[in-house]
């Protein structure tokens, strides 16, 4: 019981991943969200929006003084060079980001990113003074084959660099089969996956393992957020489509705990 309480003292983070969505007019959603957060009282969690890189500077200005942090969705492992179309972690930081998502399943699948590549990106994020949100999760076929814990364990082990600390790294468990499908695992399934991740972190980082934030992602909505974030070792959420509107995102934020 004591160990569970110590984990629950970790302040939750509710992060919105806008993916390839959003234009300049999207700053209105930041304005609306900030108003909701202001009138609804101080949020009981940290709040983060990760828009396309084209909007980071604009949204950072819009979010000033609101408590809403801004992050990037990916970064290159190199600090600079001949990498057309890529963006360095230092560039994200320069534009106003404080966090960056690395290893999202859509990057792992669409761009064939390996655990080693994700690890290198996390290290690059740290070099730029960004918090790395490392994503892990199994596919539907892997789940059906009973390989969830093996896959997630392999990704955590291979993607998390040495030197990881609660202040510079967050893990996001996103079962690939649940992303954008409307499907979600049961609370028991989430508890098992998050418990496994917690065990891996505490084994590798005995002094700090209980303090890392582990987010759940995969069709998180206002209607299921409270149940998901009440699960032991779930310290917030990484939200996709529901983060695009202030109303839905605020509904999820409202479900977070201290």
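Some observations on this one:
- Only residues that are under 20 Å from residue 157 (Cβ atoms) and either surrounded by fewer than 24 Cβ atoms within 10 Å (Cβ to Cβ) or touching a residue at least 60 places away in the same chain (Cβ under 8 Å) (or both) were counted across the stretch 99-108, and they come to 5.
- Filter result for residue 152 (over 20 Å from residue 130 (Cα atoms) and outside any loop (DSSP other than H, G, I, E, B)): yes
- Annotation note: Cβ proximity below 8 Å between a residue of the stretch 64-75 that is touching a residue at least 60 places away in the same chain (Cβ under 8 Å) and a residue that is buried (at least 20 other Cβ atoms within 10 Å of the Cβ) and part of a loop (DSSP other than H, G, I, E, B) (sequence gap 6+ or interchain) occurs for 71/97; 71/130.
- Search result, residues across the stretch 34-54 that are under 18 Å from residue 101 (Cα atoms) and either surrounded by fewer than 21 Cβ atoms within 10 Å (Cβ to Cβ) or in contact (Cβ under 8 Å) with a residue 40 or more places away in the chain (or both): 46, 47, 48, 49, 50, 52, 53, 54
- First in the stretch 118-134 and within 17 Å of residue 162 (Cβ to Cβ), second anywhere and modelled with pLDDT under 95, Cβ under 9 Å, 6 or more apart: none
- Filter result (over 16 Å from residue 138 (Cα atoms) and in contact with a strand residue (DSSP E or B) (Cβ under 7 Å, 6 or more places away or on another chain)) within the stretch 183-213: 198, 212, 213
- Restricting 160, 220 to those that are in contact with a strand residue (DSSP E or B) (Cβ under 7 Å, 6 or more places away or on another chain) and without any contact (Cβ under 8 Å) to a residue 40 or more places away in the chain reduces the list to 220.
- Filtered residue count, the stretch 173-220, keeping only those that are in a loop (DSSP other than H, G, I, E, B) and surrounded by 18 or more Cβ atoms within 10 Å (Cβ to Cβ): 11
Yes or no, residue by residue, for (1) under 23 Å from residue 178 (Cα atoms); (2) in contact with a helix residue (DSSP H, G or I) (Cβ under 7 Å, 6 or more places away or on another chain):
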| residue | (1), (2) |
| --- | --- |
| 16 | yes, yes |
| 22 | yes, yes |
| 35 | no, no |
| 44 | no, no |
| 47 | yes, yes |
| 74 | yes, yes |
| 83 | no, no |
| 106 | yes, no |
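- Exclusive hit being more than 18 Å from residue 161 (Cα to Cα), at pLDDT 95 or above and outside any loop (DSSP other than H, G, I, E, B), set 106, 138: 106
The values are calculated or read from the model by the stated rules, or taken from the named source; none is laboratory data. Since the structure is predicted, the reported quantities are computational estimates derived from the model, not experimental observations. Here Cβ is always computed from backbone atoms with ideal geometry, including for glycine, and neighbour counts include all displayed protein chains.
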